[in-house]
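Beneath this line is the structure, given in structure tokens, with notes to follow.
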Amino acid sequence: MIFTIFLMMVAGSEARQSCTSNSATCNADAASDEAALLQAIVVKHIATETLHEEEGHGEADTFATPQDLMGDCDGKALMTTSSMTGAVYDEVVAAVENILFSELDQTCDGANCQVADWAGCVLRMCGHDFMDFHDGVGGADACTDMNEGDNAGLSACLANGEFGHSLKDLYGNFCTRMSLADFEVIAAQAVMSLLATEGEPKETLSAGFKANFHFGRTTATGDACRNSTHAEGSLILPNPALGCSEVDRVFVNNMGLTWEQATALMGVHSLGRASTDNSGFDGYWMDPHNAKKFNNKYYTALIAVSWCPEYNVGGNPNKHQWKRCDAGSDSFAWKEMMLNTDMCLAYADAKGGSLIASPDQPNSNCCAWVHSSIDAYNMTDVIANNNNSFCNKPCTDYKAGVCGDGKGSTKKEELAACCAFSENSENQGQRQKHCMTPGLGYDKLWTADAQISAPAVEYVRQFAADRLTWINVFLGAWKKSTENGFGGKLTPLVYVMERFDFAAMKRCDDVPASSWGNYGKGTEEDCKSVCLDDAACSFVCYNLESSKCTQFATCDTTPQDAQHNFTCWAKQ
Ligand code: HEM
């Protein structure tokens, strides 16, 4: 074990998250407060692998938890939530919604995308909280060492204000009602469901998150937090440079996910981007418009376009990532990238070894792409989900492999589109060498190190082909990840039946059964409790004359004719 001690000057490193040059809400005070708090931290770094870059991982001598940054609570701050109704959960979602859609600039281009940046930061905050689960400690306990290099950038949306807004502003209204640990999870669920594709994906996610959510996480502070978020002598959070061995260590071994779940969880990188100011990496995982949507484009981006290594990102000799190398991608107004921990889900290097972009790994200097017409790796729905585009070429008939100029494309033409850099480019030579393409059976030739992620190759294809398949696996992976360490201590949301104000009563439509009384006959109390027990029930009405109870899927805002002799309730 090599111990390295170095000074990490972090003042000014929060440029993207605290301010943008054209942001009216540029929070200079917050940035300087943070600079003061974090200045000149001595980081004790434990290098576990030669590829593990010097900056970014380590145990800081100063230590600040998210709770420390929340400031005073107007009342008694709850460390463990004792009770939570569905209505309070919805209040948090509404507060996050207000920031996302009313407070932030909705513009999204190569330079600026406030929604993607803010939402990405909130989601990453939660991920960094729960990814430290190991040996029964850690998990979603709102314990994150905010001064650790791995967490650079997170204090902006947490407390200091990213584009002038932070979770701290919202938490003041909830601190007497729920722990910060529960709050961070709900806020992350909120950004994902609010930014999901309208229609079934959004409904499935929102309903799934809420139905699965159990409260009761205790916020860890002080020594309890310090001990769980640092492991003596080894890293806890994943090191992106090391590829799938880190996905295996953190997601599979520590957090107990299956490879299918681990692959689904990586879809969080659908939101937001990497920045040289924070991690040293640079770019969106896809185009900026999609980076502010929570969708399955992460998976189509992995296999419906092509990737080549980019060494020394931003001039940093320790940072290597993947960049697009299909024809035309070099003229995008934004930058797209993948980390080694993303790429390894679908590819191995040219010789079947782990795919690690690094000048020290010559076999990884290859072009990663998938043929559009391999029987064993059916790309039809993947290309359809990629707006009928393959390696940046429109496909008129992707089923017949017709992309680009309209003629049936040959493997040679596909290669020219996918691994397109000219002989004169800095990527000279990459056209000749291919990373191991999924679907051609090469995964059987993968080395033991690369083999570890072989199951993910097919999951990537399935998730790219069908977003609901991904969402359903994701919901299970998310629940497991956010509940690790709290076994048996968490409770489902409590629902109450709230009577409509009769004068302003809403009209209910969409009776699921063909007639009134689909919940049968009984008393008013029976009617309320049968709805409470049915997860699908949102509204219920009781006919005082016939004693029939009817469930409604929706209630609109049309004023109800007050002559009717019934009582209705909304479940909250
Ligand atoms: C193997 C596991 C993971 C690795 C190696 C990894 C690595 C990274 C890196 C290097 C960045 C760039 C950060 C920056 O420069 O600002 C990033 C961003 C991000 N990560 Fe991860 N991550 C992993 C898992 C997760 C998980 C589990 C979550 C959430 C539950 C998550 C959510 C995000 C989000 C949303 C962003 C964009 C942040 C923004 O736009 O500010 N990641 N990740």
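The values are calculated or read from the model by the stated rules, or taken from the named source; none is laboratory data. Only a predicted model underlies this, so the values are computations on that prediction, with no experimental measurement involved. FYI the Cβ positions are ideal-geometry reconstructions off the backbone, even for glycines, and counts take in every protein chain you see.
Listed values, structure above:
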item	result
Flag for His320 being more than 30 Å from Ala190 (Cα to Cα) and either surrounded by fewer than 24 Cβ atoms within 10 Å (Cβ to Cβ) or in contact with a Cys (Cβ under 7 Å, 6 or more places away or on another chain) (or both)	no
Residue in the range 94-105 that is at pLDDT below 95 and surrounded by fewer than 20 Cβ atoms within 10 Å (Cβ to Cβ) present	no
Residue match in the range 310-317 (condition: within 14 Å of the ligand (Cβ to nearest atom) and of a type in the set (Phe, Trp, Tyr))	no
Residue, surrounded by the fewest Cβ atoms within 10 Å (Cβ to Cβ), within the range 280-308, restricted to residues that are in a strand (DSSP E or B) and away from the ligand (no atom under 11 Å from the Cβ)	Cys308
Candidate set from the range 113-146 (those that are part of a strand (DSSP E or B) and in contact with a Ser or Thr (Cβ under 8 Å, 6 or more places away or on another chain)); member that is farthest from the ligand (Cβ to nearest atom)	Val137
Subset of the range 252-279 (residues that are closer than 25 Å to Gly138 by Cα, within 6 Å of the ligand (Cβ to nearest atom) and among the polar types (S, T, N, Q))	Asn278, Ser279
Residue among Glu184, Glu198, Glu203 that is among the acidic types (Asp, Glu), assigned by TED's automatic domain parsing to the domain that holds Gly256, part of a helix (DSSP H, G or I) and free of Cβ contacts under 8 Å to residues at least 12 places away in the same chain	Glu203
When residues of the range 147-177 are limited to those that are in a loop (DSSP other than H, G, I, E, B) and of a type in the set (A, V, I, L, M, F, W, C), the one farthest from Ala94 (Cα to Cα)	Ala152
The range 231-254 residues that are acidic (Asp, Glu), paired with ones that are near the ligand (Cβ under 9 Å from one of its atoms) and part of a loop (DSSP other than H, G, I, E, B) (beta carbon under 8 Å, 6 or more apart)	Glu246/Pro238; Glu246/Asn239
Test: residue in the range 204-215 that is more than 11 Å from the ligand (Cβ to nearest atom), modelled with pLDDT under 95 and in contact with a His (Cβ under 9 Å, 6 or more places away or on another chain)	no
Hits in the range 387-438 (condition: modelled with pLDDT of 75 or more, assigned to a loop (DSSP other than H, G, I, E, B) and over 24 Å from Arg467 (Cβ atoms))	Cys419, Ala420, Lys433, Cys435
From the options Phe133, Phe163, residue that is in contact with a helix residue (DSSP H, G or I) (Cβ under 9 Å, 6 or more places away or on another chain), modelled with pLDDT of 95 or more, within 19 Å of Thr80 (Cβ to Cβ) and of a type in the set (A, V, I, L, M, F, W, C)	Phe133
Yes/no for Lys323 being within 14 Å of the ligand (Cβ to nearest atom) and not assigned by TED's automatic domain parsing to the domain that holds Asn151	no
Sole exception among (1) within 12 Å of the ligand (Cβ to nearest atom); (2) more than 16 Å from the chain's Cα centre (by Cα); (3) surrounded by fewer than 24 Cβ atoms within 10 Å (Cβ to Cβ) for Ala224, by number	(1)
Residues that are crowded, with 22+ Cβ neighbours inside 10 Å and either away from the ligand (no atom under 12 Å from the Cβ) or of a type outside the set (A, V, I, L, M) (or both), drawn from the range 337-354	Asn340, Thr341, Asp342, Cys344, Ala346, Tyr347, Ala348, Asp349, Ser354
Filtered residues of the range 212-221 (kept if over 14 Å from Glu483 (Cβ atoms) and either without any contact (Cβ under 8 Å) to a residue 60 or more places away in the chain or surrounded by fewer than 21 Cβ atoms within 10 Å (Cβ to Cβ) (or both))	Thr221
Selection from the range 439-461 of residues that are within 27 Å of Met192 (Cβ to Cβ) and either buried (at least 20 other Cβ atoms within 10 Å of the Cβ) or modelled with pLDDT under 90 (or both)	Ser453, Ala456, Val457, Tyr459, Val460, Arg461
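Residues are listed down the side, and each one gets a yes or a no for (1) among the small types (Gly, Ala, Ser); (2) modelled with pLDDT of 90 or more; (3) part of a loop (DSSP other than H, G, I, E, B):
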position: Trp478; (1), (2), (3): no, yes, no
position: Asn518; (1), (2), (3): no, no, yes
position: Glu545; (1), (2), (3): no, no, yes
position: Cys555; (1), (2), (3): no, no, no
position: Ala562; (1), (2), (3): yes, no, yes
